[in-house]
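Here's the structure we're looking at; comments come further down.
The values are calculated or read from the model by the stated rules, or taken from the named source; none is laboratory data. Remember, predicted model here, so these are calculated numbers, not experimental data. Here the Cβ positions follow ideal geometry from the backbone for every residue, glycine too, while neighbour counts run over all protein chains shown.
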């Protein structure tokens, strides 16, 4: 048994997601726990190199977390034979060129989604990665949420019988930035910078729905910009050119219909910021970030519509929590651990499931969603080749 270092270059950790979820809660947590234990008893220990454009921010993060290596010379870091993996959490508009450079340097690549701003660029990345023989993965964090893992357990156990429909609600109010600072970066609301909730969230809904219920065969969507003016990080007003809400119907295999609302212009009256209700012949469940409740056919009440009388039934009390039955770690950390184990496997039985090809399907769904909205019609989802 031995400790095997693996060099990982991290580009984009000065941003919110890159810093909090990938650096602090994933890779630093893995390092502090002694690394990733491999099936043969060896341990894979991440050795991190921070890269980016802002030397002051990089140095501050490196000093704060006792990381000896940081650089603004991305190409120099990619030329280092001790760096085997490149991770990208930059803004979407900067990702394609950087990932191509990492592939050309022979590095394995793990990246945030969307992998590219359009499906042609995503497929080009997938083809380049395959031609170079490198291993590639894309973040699919929603599948690793405790609530979704409990939902997965219900599906695997046949709880629902035949699944009929899915209803998803995601979103919260993102402040405009004038009288209260916005809790999301301003580029999210500029189409020219790769912003928009469709490109952001449809990539999530693609792998989530596909992973739980099967392939998406058609989409009908309406994307809108509800708030046309916002204020950036410097307090300057700007035109919001990207969509900030989307209302979609996804048709899935086996006749399942999924309705998913995504909005940065809604106020939350749910138990969690994202919830999915799954209805089946034998039962239903509602899964959020952490919790999941279910109602079996035998426990389903028999409501009668009568608007002349107050409702005296506490419907929420008739749902039963799905137990944890296991410990749940940070979802980003779990996927990092899974990807690192995949890299350490000399001859994996299959490709990493959340790879660039899967990511390209997510970008394709976003493209089709925007096209459906612009054309006002239902669009089939063709198979990508």
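So the values come out like this:
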| quantity | calculated |
| --- | --- |
| Qualifying residue in the stretch 155-168 (condition: surrounded by fewer than 20 Cβ atoms within 10 Å (Cβ to Cβ), assigned to a helix (DSSP H, G or I) and at pLDDT 95 or above) | yes |
| Selection within the stretch 1-40 - surrounded by fewer than 19 Cβ atoms within 10 Å (Cβ to Cβ), in a loop (DSSP other than H, G, I, E, B) and touching a strand residue (DSSP E or B) at 6+ places or on another chain (Cβ under 7 Å) | 34, 38 |
| Qualifying residue in the stretch 268-283 (condition: in contact with a helix residue (DSSP H, G or I) (Cβ under 6 Å, 6 or more places away or on another chain) and in the same structural domain as residue 207 (by TED's automatic domain parsing)) | yes |
| Some residue of the stretch 326-336 being over 29 Å from the mean Cα position of the chain (by Cα), free of Cβ contacts under 8 Å to residues at least 40 places away in the same chain and surrounded by fewer than 16 Cβ atoms within 10 Å (Cβ to Cβ) | no |
| Residue tally, condition farther than 15 Å from residue 204 by Cα, in contact with a helix residue (DSSP H, G or I) (Cβ under 9 Å, 6 or more places away or on another chain) and part of a loop (DSSP other than H, G, I, E, B), over the stretch 119-154 | 2 |
| The stretch 67-106 - residue that is in a loop (DSSP other than H, G, I, E, B), free of Cβ contacts under 8 Å to residues at least 40 places away in the same chain and in contact with a helix residue (DSSP H, G or I) (Cβ under 6 Å, 6 or more places away or on another chain) and, of those, nearest to residue 135 (Cα to Cα) | 105 |
| Test for residue 119: is it touching a residue at least 60 places away in the same chain (Cβ under 8 Å), outside the structural domain of residue 295 (by TED's automatic domain parsing), surrounded by fewer than 23 Cβ atoms within 10 Å (Cβ to Cβ) and touching a strand residue (DSSP E or B) at 6+ places or on another chain (Cβ under 6 Å) | no |
| Qualifying residue in the stretch 309-324 (condition: farther than 25 Å from residue 128 by Cβ and under 17 Å from the mean Cα position of the chain (by Cα)) | no |
| Scan of the stretch 131-170 for residues that are free of Cβ contacts under 8 Å to residues at least 12 places away in the same chain and closer than 25 Å to residue 341 by Cβ, ordered by number | 131, 133, 156 |
| Total residues in the stretch 173-218, condition closer than 30 Å to residue 157 by Cβ, crowded, with 20+ Cβ neighbours inside 10 Å and out of contact with any helix residue (DSSP H, G or I) (no Cβ under 8 Å at 6 or more places or on another chain) | 2 |
| Selection count where residues are assigned to a loop (DSSP other than H, G, I, E, B) and surrounded by 11 or more Cβ atoms within 10 Å (Cβ to Cβ), scope the stretch 229-244 | 7 |
| Subset of the stretch 271-296 that is more than 14 Å from residue 167 (Cα to Cα) and more than 25 Å from the chain's Cα centre (by Cα) - its residue that is surrounded by the fewest Cβ atoms within 10 Å (Cβ to Cβ) | 281 |
| Test: residue in the stretch 308-325 that is touching a strand residue (DSSP E or B) at 6+ places or on another chain (Cβ under 7 Å), more than 25 Å from residue 138 (Cβ to Cβ), in a strand (DSSP E or B) and not assigned by TED's automatic domain parsing to the domain that holds residue 111 | yes |
